[in-house]
Amino acid sequence: MQDNIRSSASVVGEALSGGRLTIDRDAIAANWRLLEGHLKAGTTCAATIKADGYGTGATGTAQSLWDAGCKTFFVALPGEGLILREALPDATIYILGGLFPGAAGDLQSARLIPVLNSVPEVEEWAAFCRAQGQKSKAALQLNTGMNRLGMDPNEFANVMARPEITDSFDQALLMTHLACGSDPDHPLNRRQLEAFRAATDPFRQIPRSMANSAGVFLGENYHFDLARPGISLFGGKAIDTQANVMAPVAMVEARIMQVRFVPAGQTIGYGGAATAQRDLKVALVAAGYADGLLRRAGSSDDRPGGFGQIGRHKVPLIGRVSMDMIAVDVTDVPGDLASRGSFVEMLGPNVDAADLAAYADTIDYEYLTSLGQRYHRRYQPLPTPDQK
Ligand SMILES: *Cc1c(COP(=O)(O)O)cnc(C)c1O
């Protein structure tokens with residue numbers, strides 16, 4: 001089955017693609033069920049699938065989650081919401097980016113629910129709903145210390161004291177977002193929790209939501225009525241200090257175009273950044289930073305790079321990552337496992353997204369959402385580790 005919004009990329013068959021991207025939608029659904037099982041009784045598990053479902057294809061992912069029992073979704077942008085609405089006519093869809101000026105009509109006609117992040121957004125939505133004579137739903141976001149989007153508690157209290165506002169639309173959800181949830185000991189978590197409670201306790205009739213993936217694992221105090229995990233659905237690790245219990249859902253494999261021998265002392269790739277310390281066998285694989293393989297994950301003489309894997313063998317990136325290719329050191333890979341046409345796993349059951357991302361000083365979120373359009377995409381179960 002092909003994903004609608006990716007079909008243009010997937011018409012290129014595997015034989016003509018540099019790499020293939022395998023998405024395991026059953027694993028995404030299984031991860032959602034696992035997260036749902038962590039929530040306290042009565043908390044609904046939603047799904048955050050912004051940025052094209054963290055690179056996995058938003059509509060196909062949403063369909064799998066819907067079939068698993070997920071009925072509520074969060075995306076960042078109105079345009080993402082429209083795409084999702086076409087796929088899921090009955091889903092509840094929130095727009096985290098809020099109400100863009102003049103967008104109320106488009107949101108309302110697609111039954112998309114804006115997360116109102118500021119007083120001007122609240123006022124615009126209220127005025128629009130009054131003019132339409134229709135009490136459409138909106139969420140209200142509070143800033144409890146992250147200082148990204150949302151109203152400060154006093155702004156929220158003022159808004160909730162204005163009947164011409166509260167009577168004009170349906171306040172469907174009160175939300176806030178954790179800044180440091182990945183670190184369970186961070187004092188800001190508790191401070192945000194207390195600020196959220198203090199501001200919203202007077203409105204107990206309205207459902208509340210605080211937990212992203214990390215919040216699911218921080219404990220029941222953080223669950224409230226609705227959780228909205230994202231990265232954990234896609235196999236990401238939510239808590240820095242705990243083992244990752246989520247199943248991997250995506251695998252990137254890049255094709256070896258050429259194998260060459262590089263004598264000790266010569267350099268590999270742009271800038272001559274990496275010098276062969278011994279005679280090397282090097283494989284050039286057909287995926288680069290244009291395919292989301294982070295350029296900073298390359299190696300130089302001063303700094304190690306990330307790893308791919310062939311069979312059971314870890315293969316270090318050597319030299320800079322180019323736009324369309326990378327070099328990996330296959331000197332220690334036995335036999336013809338690393339030969340023209342074979343594939344190197346760059347992400348998947350054996351290569352954690354967070355690991356490669358760490359070599360590039362970034363996070364798995366960025367790696368997943370950077371996976372480019374050039375892969376041959378296929379939707380099927382991932383192999384178990386080490387067996388391909
Ligand atoms: C992205 C996002 C989420 C999901 O966060 P994860 O860390 O991926 O689980 C939830 N809420 C808001 C407001 C977000 O921006």
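Matching residues to (1) within 23 Å of residue 181 (Cβ to Cβ); (2) within 15 Å of the ligand (Cβ to nearest atom):
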| site | (1), (2) |
| --- | --- |
| 114 | no, yes |
| 117 | yes, yes |
| 123 | no, no |
| 126 | no, no |
| 134 | no, no |
| 143 | yes, yes |
| 146 | yes, yes |
| 149 | yes, yes |
| 161 | no, no |
* Asked: If you go through the stretch 225-237, how many residues are in a loop (DSSP other than H, G, I, E, B) and either near the ligand (Cβ under 8 Å from one of its atoms) or open to solvent by 20 Å² or more (accessible area, probe 1.4 Å) (or both)?
  -> 6
* To do: Kindly list, by first and then second residue, each pair from a residue in the stretch 123-152 that is without any contact (Cβ under 8 Å) to a residue 24 or more places away in the chain to a residue that is within 16 Å of the ligand (Cβ to nearest atom), limited to pairs with Cβ atoms under 6 Å and residues at least 6 apart or on different chains.
  => 152/143
* **Residues being within 13 Å of the ligand (Cβ to nearest atom) and either open to solvent by 10 Å² or more (accessible area, probe 1.4 Å) or modelled with pLDDT under 95 (or both) - total across the stretch 59-77** => 3
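Here is a yes/no grid of residues against (1) open to solvent by 40 Å² or more (accessible area, probe 1.4 Å); (2) farther than 17 Å from residue 111 by Cα:
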| position | (1), (2) |
| --- | --- |
| 130 | yes, no |
| 136 | no, no |
| 140 | no, no |
| 146 | yes, yes |
| 150 | no, yes |
| 163 | yes, yes |
| 169 | no, no |
| 172 | no, no |
| 175 | no, yes |
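Are any residues in the stretch 253-280 open to solvent by less than 40 Å² (accessible area, probe 1.4 Å) and out of contact with any helix residue (DSSP H, G or I) (no Cβ under 8 Å at 6 or more places or on another chain), and if so, which ones? First the steps, then the outcome.
Within the stretch 253-280, the first condition is being open to solvent by less than 40 Å² (accessible area, probe 1.4 Å), and the residues that meet it are 253-254, 256, 262, 268, 272-276, 280.
253, 256, 262, 268, 272, 273, 274, 275, 276, 280 - these are the residues of the stretch 253-280 that are open to solvent by less than 40 Å² (accessible area, probe 1.4 Å) and out of contact with any helix residue (DSSP H, G or I) (no Cβ under 8 Å at 6 or more places or on another chain).
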* Structure fact -> Within the stretch 363-372, the count of residues that are in a loop (DSSP other than H, G, I, E, B) and either within 14 Å of residue 235 (Cα to Cα) or at pLDDT 90 or above (or both) comes to 2
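Let me confirm something: among 88, 82, 107, which residue is away from the ligand (no atom under 16 Å from the Cβ) and either open to solvent by 50 Å² or more (accessible area, probe 1.4 Å) or among the polar types (S, T, N, Q) (or both)? Quick ask: steps written out before the conclusion?
On the way: 88 fails: either open to solvent by 50 Å² or more (accessible area, probe 1.4 Å) or among the polar types (S, T, N, Q) (or both); 107 fails: either open to solvent by 50 Å² or more (accessible area, probe 1.4 Å) or among the polar types (S, T, N, Q) (or both).
After applying the criteria, what remains is 82.
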* Structure fact -> The residue that is farthest from the ligand (Cβ to nearest atom), considering only those in the stretch 195-218 that are within 30 Å of residue 382 (Cβ to Cβ) and open to solvent by 10 Å² or more (accessible area, probe 1.4 Å), is 218
* Residue check, residue 179 surrounded by 15 or more Cβ atoms within 10 Å (Cβ to Cβ), away from the ligand (no atom under 13 Å from the Cβ) and in contact (Cβ under 8 Å) with a residue 24 or more places away in the chain -> no
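Which residues, counting only those in the stretch 238-252, are polar (S, T, N, Q) and surrounded by 21 or more Cβ atoms within 10 Å (Cβ to Cβ)?
So in the stretch 238-252, the residues polar (S, T, N, Q) come out as 241-242, 244.
Across the stretch 238-252, there are no qualifying residues.
The values are calculated or read from the model by the stated rules, or taken from the named source; none is laboratory data. Everything numeric here is computed off the predicted structure, so don't read it as measured data. For neighbour counting, all protein chains shown are included, and Cβ atoms are generated from backbone atoms with ideal geometry for every residue, glycine included. The protein model used for the area step is the full one, side chains on, heavy atoms only, and it has no ligands, DNA or RNA in it. Shrake-Rupley method; radii C 1.70, N 1.55, O 1.52, S 1.80 Å.
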